[in-house]
1. Taking a quarter of the surface of the Cα convex hull of the chain, what do you get in nm²?
2. Against the longest principal axis of the chain, how steep is helix 3-14, in degrees 0 to 90 to the nearest 10, with axes from Cα atoms?
3. Given ALA73, PHE19, VAL54, which one lies farthest toward the positive end of the charge dipole of region 3-86, if we put +1 on the Cβ of every Lys and Arg and -1 on the Cβ of every Asp and Glu?
4. So what is the calculated 222 nm ellipticity per residue for the chain, using -39500 (n - 2.57) for each DSSP H run with n of 4 or more, over all residues, to the nearest 500 deg cm²/dmol?
5. Under a point-charge model restricted to the Cβ atoms of Lys and Arg (+1) and Asp and Glu (-1), what is the dipole moment magnitude of region 3-86 relative to its Cα centre, in debye to the nearest 20?
6. If you restrict to DSSP beta bridges whose two residues both lie in region 3-86, what percentage is antiparallel, to the nearest 5?
7. Quick one: angle between helix 53-63 and the longest Cα principal axis of the chain, in degrees between 0 and 90, rounded to 10, please.
8. Report, ordered by chain and residue number, the aspartates and glutamates lying within cross-link reach of LYS70, taken as a straight Cα distance under 16 Å and ignoring same-chain residues fewer than 8 apart.
Amino acid sequence: MTIQSQIEQRIQDALPVHFMTLENESYMHNVPADSETHFKLVLVSDAFEGKRTVQRHQMVYAILSDEMPKFHALAMHTHTIKEWTDRADSIPSSPKCKGGE
C-alpha cells in the first residue's frame, strides 16, 4: 500500500469526509523519481465546525500520527462544507520548490 493510500484511508476512517483530495507533490521537489515525500491535502469536513485552523491541523496530525514519519511535508487546506462552498470548491495551487525542477 502506498503512503498516499495509507493517508487517505486513515482520514476516511476517522472523519466524516465531504470532499478530499491528496496530491503527491514530490515531483516538484529535489527527490528521487516516484517518491512519496511531499503531499497537499484539501479536506472538507463538518468535523471542523467551530475549530480554528491550528485545531483542524492538530486533528489531522493526530489521525496521521503513524504515517507522519514516512513522509517529509504535508500542506493542509482544511474547510467546513460552508467554507468550501464559499470558495467555489477551489483547490489552491502550490508554489514551486526552489530545489525542484
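Only the coordinates and a few stated rules stand behind these numbers; no lab work does. Since the structure is predicted, the reported quantities are computational estimates derived from the model, not experimental observations. Here the Cβ is made from the backbone with ideal geometry for all residues, glycine too, and neighbour counts use every protein chain on show.
1. Average of the hull's projected areas for the chain equals 6.7 nm².
2. 10 degrees
3. Final value for the positive-end residue is VAL54.
4. -8500 deg cm²/dmol
5. Dipole size: approximately 280 debye.
6. Within region 3-86, antiparallel bridges account for around 45 percent of the total.
7. The answer is roughly 70 degrees.
8. GLU8, GLU23, GLU25, ASP34, GLU36
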